[in-house]
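A quick write-up on the structure given underneath.
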Amino acid sequence: MGRTLAEKVWQAHVVRHAEGEPDLLYIDLHLVHEVTSPQAFDGLRAAGRTVRRPDLTLATEDHNVPTLDIDKPITDPISRAQLEALRVNCAEFGVPLYSLGDTEQGIVHVVGPQLGLTQPGMTVVCGDSHTSTHGAFGALAFGIGTSEVEHVLATQTLPLKPFKTMAITVEGELPAGVSAKDVTLAVIAKIGTGGGQGYVLEYRGSAIRSLSMEGRMTLCNMSIEAGARAGMVAPDSTTYDYLKGRDRAPQGALWDEAVAYWSSLPSDDDAIFDAEVFIDAATLSPFVTWGTNPGQGLPLSSVVPSPADASNEVDRVAIERALEYMDLTPGTPLRQIPIDTVFVGSCTNGRIEDLRAVADVLRGRRVADSVRMLVVPGSVRVRLQAESEGLGEVFTAAGAEWRQAGCSMCLAMNPDKLAPGERSASTSNRNFEGRQGPGGRTHLVSPAVAAAIAVAGHLASPSDLA
Amino acid sequence: MEQFITHVGTAAPLRRSNVDTDQIIPAEFLKRISRHGFEDGLFAAWRKDPDFILNQPQFQGVSILVAGPDFGTGSSREHAVWALQDFGFKVVLASRFADIFRGNSGKGGLLTAQVPQDVIEALWLIIEADPATEVVVDLQARQVRAGDLVADFEVDDYVRWRLMEGLDDIGITLQSAVQINEFEDSRPAFLPVTI
């Protein structure tokens with residue numbers, strides 16, 4: 001019987017298999033950041049253990065870093081202490097680290113791919129749920145907790161039960177103005193925040209094949225919001241074109257050897273998935289969330305739903321509570337919801353293509369007076385690339401703030417936050433209560449839609465702009 | 001890690017679905033570099049509401065949380081498990097758990113016991129009617145008992161064995177050092193390194 005992409009990658013990494021026990025899986029790349037690692041390094045120290053493979057481990061500073069005045073000391077003493085702990089730990093255990101100020105610094109899930117470290121067929125882990133991003137390359141990549149971070153540091157392996165596989169097939173041509181972010185929000189709305197639990201999602205079909213690597217990363221990034229630990233796209237010429245020539249990509253004969261192997265990875269025609277979901281690309285349109293989990297999303301042309309629409313009591317209570325938190329009234333057209341803050345960035349949509357999409361909308365336009373707009377590159381390299389293309393000037397000319405690299409307003413761990421009651425349109429991944437700041441309200445959108453909202457001052461798509 | 005065989009305690013009903021880890025412990029508490037003392041961060045935003053279930057006098061000292069479906073979604077932060085444990089919880093019961101949260105719980109010794117939603121609803125009624133009800137979570141028998149209710153719960157066999165033995169994962173894995181060395185020697189040369 002044929003095997004799926006996920007099964008091939010899994011089976012190529014089994015160090016030990018025993019009946020009734022989890023497989024022991026070898027990890028090819030372990031990414032580390034400051035938030036989920038200090039207790040893991042402490043655990044190593046307490047047990048007298050070392051990092052087994054510092055050369056397969058890479059750390060960067062992202063969650064806590066400010067995106068303004070990065071040449072000055074960090075003002076929050078607790079954030080500063082956490083970054084200092086990472087620096088001490090990396091130095092002591094020999095782990096390479098890209099610190100604030102380094103040209104390679106940035107969000108961990110932007111840095112790995114841009115260096116060419118993330119490659120097809122690899123196992124990639126990080127103490128961060130959005131590690132699923134790296135699945136865009138046909139890698140099996142998933143988030144882990146701090147105990148598992150310690151486990152990988154010490155052994156370069158993880159004991160894991162195999163995942164089930166789910167094919168998400170999107171066939172057809174995406175309508176103009178529909179991006180990977182709209183696809184993923186539609187997928188999550190369809191299968192729910194728990195729909196992917198226990199599964200690896202494999203995104204397939206002509207609409208997926210047509211996506212760039214950036215788009216595929218956005219899609220795989222959000223897999224966790226559907227409850228799936230990992231999302232994958234089979235490697236193809238788009239993947240190889242992206243990787244070729246990057247710093248850490250193989251070269252010469254090794255490149256040929258790698259491509260030969262990568263080409264064997266796509267799911268076999270007779271592979272059987274444990275579950276399948278089909279989506280017709282032609283039915284998709286710009287999507288926006290109205291509630292407090294990423295599954296509570298609708299096409300922009302919809303109205304705010306009513307608790308009466310719920311099919312069961314659990315959902316009814318959830319809608320009621322979300323509307324209360326979001327301060328929304330059932331029946332209101334989504335386009336009438338005013339927005340005061342627009343955030344472009346994050347590991348979901350902080351790459352160069354995302355910034356280009358935003359600049360295309362903002363060029364020759366102004367951000368509405370009622371709106372504060374932050375544009376935050378996912379890495380220093382993304383910032384430099386954007387500047388070389390003149391995008392930074394487009395953002396500032398439009399009245400947006402053009403910041404330094406970091407996780408920024410995706411999560412309230414650094415100075416970029418929503419104030420209580422503020423309402424954002426955000427290209428990030430989570431609209432949970434208080435995610436962008438206590439009492440803040442979040443609507444998740446694509447980069448182009450975010451830019452249109454910044455201009456309009458309310459939920460809108462680029463096609464609404466004059 | 002402490003062994004977990006059977007836990008007896010009182011329980012709190014959390015009548016919410018999709019309780020994500022940002023709600024269990026907001027990001028501002030994640031800046032600490034210690035492994036303990038996260039109890040003040042548990043449900044920090046919700047606990048500002050005096051009516052929140054864990055603020056009610058009849059639910060003080062609870063050690064079992066009975067929650068709605070899709071508990072622990074979102075971020076991989078293990079701090080969510082630590083906050084629940086530091087607050088005094090030993091068990092979370094729900095009809096569905098997010099994968100990473102469930103994995104983290106098993107590592108830290110917090111039992112996530114999965115029961116159908118109708119059992120959750122029945123438990124909610126029992127503990128709301130009498131918050132002093134003694135709830136027994138029997139990992140040996142994979143059974144939860146409260147008042148007249150007796151229900152089986154699901155838990156991964158391997159996690160159950162580890163919890164009952166109180167075993168540390170890294171210690172178990174290091175017993176396979178020879179296999180790890182052999183695997184490492186066979187890795188293709190085209191794979192990248194970070195240094």
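The values are calculated or read from the model by the stated rules, or taken from the named source; none is laboratory data. Small disclaimer: the values here were computed from a predicted structure and weren't measured. Heads up, the Cβs are rebuilt from the backbone with ideal geometry, glycines too, and the neighbour counts pull from every protein chain shown.
General observations
- Filter result (surrounded by fewer than 21 Cβ atoms within 10 Å (Cβ to Cβ) and farther than 19 Å from A:Pro294 by Cβ) within segment A:328-351: A:Thr329, A:Pro330, A:Gly331, A:Thr332, A:Pro333, A:Arg335, A:Gln336, A:Pro338, A:Asp340
- Failed condition for A:Leu86, given (1) surrounded by fewer than 16 Cβ atoms within 10 Å (Cβ to Cβ); (2) within 14 Å of chain B (Cβ to nearest Cβ); (3) closer than 24 Å to A:Lys417 by Cβ: (1)
- If you go through segment A:179-204 and keep only what is surrounded by fewer than 24 Cβ atoms within 10 Å (Cβ to Cβ) and aliphatic (A, V, I, L, M), you end up with A:Ala186, A:Ala189, A:Ile191.
- For segment A:418-434, the criterion of being outside any loop (DSSP other than H, G, I, E, B), more than 20 Å from A:Asp360 (Cβ to Cβ) and among the hydrophobic types (A, V, I, L, M, F, W, C) is met by none of the residues.
- Close Cβ contacts (under 6 Å, 6 or more residues apart or on different chains) running from residues in segment A:309-336 that are within 17 Å of A:Phe432 (Cβ to Cβ) to residues that are modelled with pLDDT of 95 or more and charged (D, E, K, R) comprise A:Tyr325/A:Glu433; A:Met326/A:Arg441.
- Residue in segment A:284-298 that is surrounded by 15 or more Cβ atoms within 10 Å (Cβ to Cβ), in contact with a Lys or Arg (Cβ under 6 Å, 6 or more places away or on another chain), in contact (Cβ under 8 Å) with a residue 40 or more places away in the chain and closer than 26 Å to A:Ala456 by Cα present: no
- Hits in segment A:100-156 (condition: among the polar types (S, T, N, Q) and under 17 Å from B:Pro192 (Cα atoms)): A:Gln114, A:Thr118, A:Gln119, A:Thr123, A:Gln156
- Matching residues, segment A:149-202, being touching a residue at least 60 places away in the same chain (Cβ under 8 Å) and at positive phi: A:Gln156, A:Gly172, A:Gly177, A:Gly192
- Taken over segment A:53-77, the criterion of being closer than 23 Å to A:Thr348 by Cβ, hydrophobic (A, V, I, L, M, F, W, C) and either within 12 Å of another protein chain (Cβ to nearest Cβ) or touching an Asp or Glu at 6+ places or on another chain (Cβ under 9 Å) (or both) is satisfied by A:Leu58, A:Ala59, A:Val65, A:Leu68.
- Considering residues of segment B:165-190 that are facing chain A (nearest Cβ under 7 Å) and outside any loop (DSSP other than H, G, I, E, B) only, the residue surrounded by the fewest Cβ atoms within 10 Å (Cβ to Cβ): B:Leu174
- Filtering segment A:416-466 to residues that are within 14 Å of another protein chain (Cβ to nearest Cβ), out of contact with any Phe, Trp or Tyr (no Cβ under 6 Å at 6 or more places or on another chain) and of a type in the set (Asp, Glu) leaves only A:Asp416.
- The C-beta contact set for segment B:15-31 (first residue touching a residue at least 40 places away in the same chain (Cβ under 8 Å) and closer than 21 Å to A:Ile188 by Cβ, second residue acidic (Asp, Glu) and assigned to a helix (DSSP H, G or I), distance under 9 angstrom, 6+ apart or interchain) comprises B:Ser17/A:Asp315.
- The lone exception for A:Arg80 - which of (1) within 25 Å of the chain's Cα centre (by Cα); (2) of a type in the set (D, E, K, R); (3) facing another protein chain (nearest Cβ under 8 Å) it fails: (3)
- Residues that are out of contact with any His (no Cβ under 7 Å at 6 or more places or on another chain), within 13 Å of chain B (Cβ to nearest Cβ) and part of a helix (DSSP H, G or I) within segment A:218-239 comprise A:Met222, A:Ser223, A:Glu225, A:Ala226, listed in sequence order.
- Within segment A:339-351, being more than 18 Å from A:Pro286 (Cα to Cα) and assigned to a strand (DSSP E or B) holds for one residue alone: A:Thr341.
- Residue within segment A:234-249 that is without any contact (Cβ under 8 Å) to a residue 12 or more places away in the chain, surrounded by fewer than 22 Cβ atoms within 10 Å (Cβ to Cβ) and under 17 Å from A:Met122 (Cβ atoms) present: yes
- Matching residues, segment A:143-164, being under 14 Å from A:His30 (Cα atoms) and at the interface with chain B (Cβ under 8 Å from one of its Cβ atoms): A:Gly143, A:Ile144, A:Gly145, A:Thr146, A:Ser147, A:Glu148, A:Glu150, A:His151, A:Ala154, A:Thr155, A:Gln156, A:Thr157
- Residues that are more than 25 Å from the chain's Cα centre (by Cα), surrounded by fewer than 19 Cβ atoms within 10 Å (Cβ to Cβ) and not in a loop (DSSP other than H, G, I, E, B), drawn from segment A:352-406: A:Glu393, A:Thr396, A:Ala397
- Any chance A:Thr103 is closer than 24 Å to A:Ala136 by Cβ, part of a loop (DSSP other than H, G, I, E, B), away from every other protein chain (no Cβ under 12 Å) and touching a residue at least 24 places away in the same chain (Cβ under 8 Å): yes
- Just one residue in the set B:Ala151, B:Ala129, B:Ala141 is loosely packed, with under 13 Cβ neighbours inside 10 Å and more than 13 Å from chain A (Cβ to nearest Cβ); that residue is B:Ala129.
- The residue pairs whose first member lies in segment A:341-354 and is at positive phi, whose second member is surrounded by 24 or more Cβ atoms within 10 Å (Cβ to Cβ), and whose beta carbons are closer than 6 Å, counting only pairs six or more residues apart or on different chains, are A:Gly345/A:Val376; A:Gly345/A:Ser408; A:Ser346/A:Cys410; A:Ser346/A:Ser428.
- Cβ-Cβ contacts under 6 Å between residues 6 or more apart (or on different chains), taken from a first residue in segment B:60-82 that is β-branched (Val, Ile, Thr) to a second residue that is assigned to a loop (DSSP other than H, G, I, E, B), are listed as B:Val62/B:Thr10; B:Thr73/A:Thr193; B:Thr73/B:Asn18; B:Thr73/B:Ala98; B:Val81/B:Leu110.
- Residues of segment A:19-51 classified as farther than 18 Å from A:Ile144 by Cα and at the interface with chain B (Cβ under 8 Å from one of its Cβ atoms), total: 4
- For segment B:110-156, the candidate set comprises residues that are in a loop (DSSP other than H, G, I, E, B) and under 30 Å from A:Ala141 (Cβ atoms); within that set, the residue that is farthest from the chain's Cα centre (by Cα) is B:Asp156.
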